[in-house]
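Please read the structure below before turning to the comments.
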Amino acid sequence: MKKFTTTPNVLASGSIFIIILLTFCSAGRAQEESFLPLIEFRDFIRKLSQPHPRLHLSFAEITYEVADTKHGSPFGKMMREKLIKLAGSVDNVTAAALEAAPKLSSGVRHYRVEGNYWEAGGVMRMQLLFVPADPQAGLARQSVKLWVERPRNIEVLSSAAVKRTFEHWRSVYRLDPSFKVELTTTVEPGGQIAIGRPLTIQLKANRDCYFVLMNRDAGGHLEAIYPRGEEDNRLTLGVPRDFKDIRLQEPYGLEVLLVYASKQPIRPAEALAYFAEYYNKYISKLFADRDITRKDVVVDWTFLYSRPAQEGTNK
């Protein structure tokens, strides 16, 4: 739960929507039948190795892909280490990072393993492709889809991936260029703030509107910050509105702040549902139809990293 207060403002009629998010959705286990839990990866490797007396797997970086670019992250590095360990525990199979691949003797079948990940249904999903390193070896390409619970206190996206994700997300909205909203905080974009230290968020718009302010923390929990009930959620043209004394709590990591603004009145439940539906469609790579085309909304966003406070302080 985040603590917050707001400074008094004179509000007029209109309608804005703000969503502040501090990253990645609430935990759930919406597995699809084609996705295996990570624990079954060893069984897949065992079957893959059965026709071959000796097998080596070279793992490339597990990346997050958005807008035709690939990004690494602490999560991707952690998953590669886990996959290497699981694969290497199978009899007659060796595994290593691609850049540390050993010189192999004859008779060893060799796959290069490439992978990407995304989030959907509250879990992290991965797709791994096994590419024969030697086209003449007679090996066929293989693939496997895995899911794993979203880890706590592990950044699942790099700052570059976050920027690219939201820039691309905004680009698929066909927004009204005359309607703008601005979100700023006391922490520079990409900066750090200690758990428990107060944070101030300021919102501005170039027209009268309603707003809903939400947060998504580093553990994936999404909730409304304001309004929580029947509070007046209007914002006035040219009059800033401040949200003070917001204090982040564990888990710490990547925190994304998003403002989602609408010309029409809207309440927190509607905002949560709308955001979850379309954001998750994007993260899951499912909205090829580009159906996010509302012209009565605008978005702005920033992100920061929360970290543990120094012992005995809030710095």
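Each reported figure results from applying straightforward, stated rules to the coordinates on display, with no laboratory input. Just so it is clear, the structure is predicted and the values come from calculations on it, not from any experiment. For neighbour counting, all protein chains shown are included, and Cβ atoms are generated from backbone atoms with ideal geometry for every residue, glycine included.
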With +1 on each Lys and Arg Cβ and -1 on each Asp and Glu Cβ, and nothing else charged, work out how big the dipole of the range 193-264 is about its Cα centre, in Debye to the nearest 20. 260
Could you check the simple spin-label distance between ASP43 and GLU167, using points 7 Å along Cα→Cβ, in nm with one decimal? 4.3
Could you please state, rounded to a whole Å, how far the C-alpha centre of the range 215-242 is from the C-alpha centre of the range 35-50? 45
Farthest toward positive dipole pole in the range 36-149 [+1 Lys/Arg, -1 Asp/Glu at C-beta], among GLY115, ALA100, HIS71: ALA100
Defining a contact as two alpha carbons under 8 Å apart and six or more residues distant in sequence, what relative contact order in percent does the range 36-149 show? 30
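Quick check: net charge around LEU237, other residues with Cβ under 12 Å of its Cβ, Lys/Arg +1 and Asp/Glu -1?
Overall, the nearby charge balance is +4.
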Here FRET efficiency (C-beta to C-beta, SER178 to MET78, R₀ 51 Å, nearest 0.05) is 0.70
Distance in nm between label sites at SER34 and ALA60, each 7 Å beyond Cα in the beta-carbon direction? 2.0
Please work out how much length the chain gains when fully extended from LYS85 to GLU99, using 0.36 nm per residue of separation minus the C-alpha to C-alpha distance, in nm with one decimal. 3.4 nm
Taking a threshold of 29 Å on the Cα-Cα distance, which of the pairs LYS70/LYS263; LYS47/LYS82; LYS77/LYS163; LYS77/LYS244; LYS70/LYS244 fall above it? LYS70/LYS263; LYS77/LYS244; LYS70/LYS244
